[in-house]
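Here the structure comes first, spelled out in structure tokens, and everything after it is commentary.
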Amino acid sequence: MSGAQVHGRGTTAAEAFAEAARGLFALAVSPGAIEARDVREVRAHGASPDALLQAWLGECLYVLDVEAFAASRVEWIRFSLEPAAGGEPLRLHARLHGEEIAADGRPVGGLAVMTARLIESAGGFEAAADVRIGPF
């Protein structure tokens with residue numbers, strides 16, 4: 001078992017989340033090899049920005065593991081770090097633009113997001129996650 005760190009940076013939290021997802025997919029396939037041929041919709045919920053990031057990356061891993069789908073672009077339908085009424089207060093909804101992939105020697109399954117954190121600074125946001133690479 002080994003591990004990796006995924007980092008996404010952006011001027012907004014949404015950009016940082018999208019970059020972190022692309023970094024996660026890059027653990028399985030070279031980013032330049034992914035074409036936007038198809039779309040998958042993903043939703044995530046969390047009680048805090050860190051929990052939302054972990055749930056988001058977990059949903060991205062789901063489409064990678066179960067559907068062997070990797071994204072090259074994220075289109076936000078809804079992204080808000082403002083609490084809303086109902087279940088978990090923070091929510092996002094996105095379209096992942098990409099394609100089904102054949103792993104290029106990198107792991108497709110056996111990845112798990114262990115921790116995730118969103119860090120705000122004067123220059124913007126960083127979404128960081130520790131990813132475990134199986135077997136489990």
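The values are calculated or read from the model by the stated rules, or taken from the named source; none is laboratory data. A quick note: this is a predicted structure, and the numbers were derived from the prediction, not measured. Note that we place each Cβ from the backbone using ideal geometry, even for glycine, and neighbour counts take in every protein chain shown.
When you look at G58, is it in contact with a strand residue (DSSP E or B) (Cβ under 8 Å, 6 or more places away or on another chain), modelled with pLDDT under 95, farther than 18 Å from Q5 by Cα and of a type in the set (G, A, S), yes or no? Walk me through how you get there before you give the answer.
Values: in contact with a strand residue (DSSP E or B) (Cβ under 8 Å, 6 or more places away or on another chain): yes; modelled with pLDDT under 95: yes; farther than 18 Å from Q5 by Cα: no; of a type in the set (G, A, S): yes.
Taking the combined requirement at face value, the residue does not satisfy it.
Could you tell me whether segment 10-26 includes any residue that is over 18 Å from G124 (Cβ atoms), assigned to a strand (DSSP E or B) and not aromatic (F, W, Y)? Lay out the reasoning, then the answer.
So the first thing to find is which residues in segment 10-26 are over 18 Å from G124 (Cβ atoms), and the list is 24-26.
In the following step, the residues that additionally are assigned to a strand (DSSP E or B) were identified as none.
No - not one qualifying residue is present in segment 10-26.
I'd like the residue in segment 7-25 that is surrounded by fewer than 18 Cβ atoms within 10 Å (Cβ to Cβ) and not charged (D, E, K, R) and, out of all such residues, is farthest from Y62 (Cα to Cα). Full working, then the answer.
The initial filter retains those residues of segment 7-25 that are surrounded by fewer than 18 Cβ atoms within 10 Å (Cβ to Cβ), namely 7, 9-12.
Okay, now just the ones that are also not charged (D, E, K, R), so 7, 10-12.
Working: H7: 19, G10: 24, T11: 27, T12: 25 Å.
Per the criteria, the residue is T11.
Between residues in segment 1-18 that are within 13 Å of L92 (Cβ to Cβ) and residues that are modelled with pLDDT of 95 or more and β-branched (V, I, T), which pairs lie under 7 Å by C-beta distance while being six or more apart or on different chains?
A18/V74
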